[in-house]
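K.L.:
Here's a structure for you.
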Amino acid sequence: MDRRQVAAVLAYIGRLDPRTITGEARDQVAQWQELLDDVPFATEHGWDVREAIRAHVLDSPYPILPVDVARRWRAHRRDRLDRHTDPTPGADPDDPAAWRAELLRSRNAVVAGMAAPSTHRQITSGDRPRDVEARLREIGSCIPPAVRAELARYRPTRSARESAVAEGVPDALGVRCDWCHAPVGSQCRQRRASPDGAARGNAARATPHPSRVDLATARRDRHRAV
């Protein structure tokens, strides 16, 4: 705040609490300005020094001092930064200086009240931007085809399920197997009966049991009929 704004603040305080106005007005303006030099009079988002003054007069029995206003401003700045999540800069990530400079500009704008905090909830909730929807329709998946092909050898079960769905074959792993009791998403297991009738063996099968395939087919047909 400049001297004119500090004088206006003191005049406003004098109307609310005359005890604050003491001594030479010129000296008091100089003292307040030195402590409130980096405190704005008001910002576009959430700060007004008059509201801070009113809150102090209502909550505290002591006359307001310039440090009280400065502390409220610092608390306001901390609260804004605590609610702010840095958005991804548009600068080239291979240029650390430009990346850092954009982050600092974003934070300084939030602290100074020139921009509203970008909260985590705003980033993770709500509809996806239209450009993301269009991009997903274009490529068909959030994983590029080349990357999916490279990952196939590391996750054969998932790749087999995706291939089956793409070919219109029922996803047998989408249902529980009644024969080996394999849960949804897990491969079927070999079950061999010992001479005493007990089940033995737990090796994974390369293909699901036929009864599981039949169950998945029946389930798909029911959904189509509905």
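The values are calculated or read from the model by the stated rules, or taken from the named source; none is laboratory data. Keep in mind the model is a prediction, meaning the values are calculated, not measured. Here Cβ is always computed from backbone atoms with ideal geometry, including for glycine, and neighbour counts include all displayed protein chains. Surface areas here come from the heavy atoms of the whole protein model, side chains and all, with no ligands, DNA or RNA. Shrake-Rupley method; radii C 1.70, N 1.55, O 1.52, S 1.80 Å.
K.L.:
Among the candidates 153, 189, single out the residue that is on the phi < 0 side of the Ramachandran plot, surrounded by 11 or more Cβ atoms within 10 Å (Cβ to Cβ) and modelled with pLDDT of 75 or more.
P.N.:
189
K.L.:
While we're here: Would you point out the residue of the stretch 54-68, among those that are closer than 16 Å to residue 34 by Cα and open to solvent by 30 Å² or more (accessible area, probe 1.4 Å), that is farthest from the chain's Cα centre (by Cα)?
P.N.:
Checking each candidate, the answer is 65.
K.L.:
Can you tell me how many residues within the stretch 37-63 are farther than 15 Å from residue 1 by Cβ and in a loop (DSSP other than H, G, I, E, B)?
P.N.:
Matching residues across the stretch 37-63 total 7.
K.L.:
Keeping to the stretch 71-121, report how many residues are in contact (Cβ under 8 Å) with a residue 60 or more places away in the chain and out of contact with any Ser or Thr (no Cβ under 9 Å at 6 or more places or on another chain).
P.N.:
Summing the residues that are in contact (Cβ under 8 Å) with a residue 60 or more places away in the chain and out of contact with any Ser or Thr (no Cβ under 9 Å at 6 or more places or on another chain) in the stretch 71-121 gives 1.
K.L.:
While we're looking at this one, here's another question. Go through the residues of the stretch 81-91 one by one and say whether even a single one is farther than 29 Å from residue 9 by Cα and either over 19 Å from the mean Cα position of the chain (by Cα) or aromatic (Phe, Trp, Tyr) (or both). Break it down into steps so the answer makes sense when it comes.
P.N.:
Step one: filter the stretch 81-91 for residues farther than 29 Å from residue 9 by Cα, giving 84-91.
Now drop any that are not either over 19 Å from the mean Cα position of the chain (by Cα) or aromatic (Phe, Trp, Tyr) (or both), which leaves 91.
Yes, that holds for at least one residue.
K.L.:
A further question follows. Counting only residues that are among the acidic types (Asp, Glu) and on the phi > 0 side of the Ramachandran plot, how many does the stretch 24-51 have? Before you say what the answer is, go through the steps one by one.
P.N.:
Taking the stretch 24-51 as the starting set, the residues that turn out to be among the acidic types (Asp, Glu) are 24, 27, 34, 37-38, 44, 48, 51.
Going one step further and asking which of them are on the phi > 0 side of the Ramachandran plot, we end up with none.
Count: 0.
K.L.:
Also, I was wondering about something else. Suppose we keep only residues that are assigned to a loop (DSSP other than H, G, I, E, B) and within 30 Å of residue 58 (Cβ to Cβ) within the stretch 69-89. Which one would you say is most open to solvent (accessible area, probe 1.4 Å)? Give the steps one after another, and end with the answer.
P.N.:
We begin by selecting, within the stretch 69-89, every residue assigned to a loop (DSSP other than H, G, I, E, B); these are 83-89.
Add one more test, that the residue is within 30 Å of residue 58 (Cβ to Cβ), and what stays is 83-84.
Values: 83: 104, 84: 25 Å².
Within the stretch 69-89, the match that is most open to solvent (accessible area, probe 1.4 Å) is 83.
K.L.:
May I pose another question? Determine if the stretch 22-36 includes at least one residue that is in contact with a strand residue (DSSP E or B) (Cβ under 7 Å, 6 or more places away or on another chain) and not in a helix (DSSP H, G or I). Quick ask: steps written out before the conclusion?
P.N.:
Applying the first criterion (in contact with a strand residue (DSSP E or B) (Cβ under 7 Å, 6 or more places away or on another chain)) to the stretch 22-36 yields none.
The answer is no, given that none of the residues of the stretch 22-36 is in contact with a strand residue (DSSP E or B) (Cβ under 7 Å, 6 or more places away or on another chain) and not in a helix (DSSP H, G or I).
K.L.:
Being of a type outside the set (A, V, I, L, M), modelled with pLDDT of 85 or more and surrounded by fewer than 13 Cβ atoms within 10 Å (Cβ to Cβ) is the filter here; which residues of the stretch 27-50 pass it?
P.N.:
34, 37, 38
K.L.:
For the stretch 90-139, give me each residue that is at pLDDT below 70, open to solvent by 60 Å² or more (accessible area, probe 1.4 Å) and within 30 Å of residue 41 (Cβ to Cβ).
P.N.:
Passing the criteria: only 122.
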